[in-house]
Amino acid sequence: MPIGRVTQVVDCREAMGMGKGGGIAQRGTISECRYPDVIVVGMSPGHRHVTKPVCDITSGLRQQGVEYSISTLVLYAGSGVPPDAPKIAGGVLGASFGLTDKEIVQIEKHKVAILHHGNVRSHVVHKVRFILQACDVKAVVVSQAPIDYEDLAKEGVKTSVVMPPADRIRTKGTVMAIVSGVTRGQTPTREKMAEVISSVMRIVKKKETLE
């Protein structure tokens with residue numbers, strides 16, 4: 001029995017890894033921890049969507065001594081844009097972003113969802129909006145493309161900084177923080193990891209205080 005320390009178990013995959021995904025699990029799989037505190041949601045692995053930062057964020061949270069359970073979910077249909085999004089230049093042909101009922105349940109079990117998306121600004125905004133329309137959860141958005149709270153609020157996404165007009169709110173969930181400049185396929189910088197960690201800690205502690 002350990003004395004004076006907390007045992008932490010990190011399970012990074014449910015299925016065989018894929019090289020293009022940085023060794024992370026295949027699409028449609030989740031690695032769940034015993035207590036649902038934080039979930040890192042990644043895009044489907046592929047040529048354009050290299051999901052490496054998801055594993056790095058998960059490991060980084062643990063290395064910094066974050067004493068919460070971290071789950072990792074790789075979406076089954078995490079490429080492209082939602083079917084209800086406007087036609088956007090640069091869309092992924094044949095790909096339509098979506099969530100399964102099972103994924104919605106898995107995300108909503110957690111206190112905080114870290115949503116990792118890519119490098120097309122409009123894609124990021126619509127993916128976040130689509131996820132938070134279905135999932136009532138506090139979210140930290142991590143992306144390569146620079147986005148701000150105004151971008152999200154214009155699409156009806158509730159945020160902690162800018163709130164859409166009451167008649168235009170489209171989401172159940174709320175974006176609590178944004179960390180841009182995290183390059184897909186590369187390990188996040190120490191500064192970006194610190195931003196993610198501090199955002200997660202702030203949200204979880206505030207939620208625990210309210211409860």
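Table: residues versus (1) surrounded by fewer than 19 Cβ atoms within 10 Å (Cβ to Cβ); (2) outside any loop (DSSP other than H, G, I, E, B); (3) on the phi < 0 side of the Ramachandran plot; (4) at pLDDT below 70.
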{"residue": "Tyr35", "(1), (2), (3), (4)": "yes, no, yes, yes"}
{"residue": "Ser44", "(1), (2), (3), (4)": "no, no, yes, yes"}
{"residue": "His49", "(1), (2), (3), (4)": "no, no, yes, yes"}
{"residue": "Val54", "(1), (2), (3), (4)": "no, yes, yes, no"}
{"residue": "Ile57", "(1), (2), (3), (4)": "no, yes, yes, no"}
{"residue": "Gly65", "(1), (2), (3), (4)": "yes, no, no, yes"}
{"residue": "Leu73", "(1), (2), (3), (4)": "no, yes, yes, no"}
{"residue": "Pro83", "(1), (2), (3), (4)": "yes, no, yes, no"}
{"residue": "Ala89", "(1), (2), (3), (4)": "yes, no, yes, yes"}
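Could you check how many residues of the stretch 109-126 are closer than 15 Å to Ile39 by Cβ and in contact with a helix residue (DSSP H, G or I) (Cβ under 8 Å, 6 or more places away or on another chain)?
Filtering the stretch 109-126 for residues closer than 15 Å to Ile39 by Cβ gives 109-117.
With the extra rule that they be in contact with a helix residue (DSSP H, G or I) (Cβ under 8 Å, 6 or more places away or on another chain), the set shrinks to 111-117.
Of the residues in the stretch 109-126, 7 are closer than 15 Å to Ile39 by Cβ and in contact with a helix residue (DSSP H, G or I) (Cβ under 8 Å, 6 or more places away or on another chain).
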**Request:** For the stretch 186-205, enumerate the residues that are in contact with a Pro (Cβ under 8 Å, 6 or more places away or on another chain) and surrounded by fewer than 22 Cβ atoms within 10 Å (Cβ to Cβ).
**Result:** Gln186, Thr187, Pro188
**Request:** From Thr187, Thr174, grab the single residue that is modelled with pLDDT of 85 or more and among the polar types (S, T, N, Q).
**Result:** Thr174
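Sort through Ala139, Ala177 and tell me the only one that's surrounded by 22 or more Cβ atoms within 10 Å (Cβ to Cβ) and more than 27 Å from Ser96 (Cβ to Cβ).
Values: Ala139 fails: more than 27 Å from Ser96 (Cβ to Cβ).
Of the residues listed, the single one that is surrounded by 22 or more Cβ atoms within 10 Å (Cβ to Cβ) and more than 27 Å from Ser96 (Cβ to Cβ) is Ala177.
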**Request:** Go through the residues of the stretch 104-121 one by one and say whether even a single one is more than 21 Å from Gly60 (Cβ to Cβ) and not in a helix (DSSP H, G or I).
**Result:** yes
**Message:** I'm trying to understand the selection: among the residues of the stretch 160-178, which are touching a residue at least 12 places away in the same chain (Cβ under 8 Å) and not in a loop (DSSP other than H, G, I, E, B)?
**Reply:** Arg168, Thr174, Val175, Met176, Ala177, Ile178
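Output yes when any residue across the stretch 130-139 is part of a strand (DSSP E or B), modelled with pLDDT of 95 or more and either among the hydroxyl-bearing types (Ser, Thr, Tyr) or touching a helix residue (DSSP H, G or I) at 6+ places or on another chain (Cβ under 8 Å) (or both), and no when none is.
Taking the stretch 130-139 first, the residues part of a strand (DSSP E or B) are 138-139.
When the remaining residues are screened for being modelled with pLDDT of 95 or more, the result is 138-139.
Subsequent filtering for residues that are either among the hydroxyl-bearing types (Ser, Thr, Tyr) or touching a helix residue (DSSP H, G or I) at 6+ places or on another chain (Cβ under 8 Å) (or both) retains 138-139.
Looking through the stretch 130-139, at least one residue is part of a strand (DSSP E or B), modelled with pLDDT of 95 or more and either among the hydroxyl-bearing types (Ser, Thr, Tyr) or touching a helix residue (DSSP H, G or I) at 6+ places or on another chain (Cβ under 8 Å) (or both).
The values are calculated or read from the model by the stated rules, or taken from the named source; none is laboratory data. It should be emphasised that the depicted structure is a prediction, and the values quoted were computed from it without experimental measurement. For neighbour counting, all protein chains shown are included, and Cβ atoms are generated from backbone atoms with ideal geometry for every residue, glycine included.
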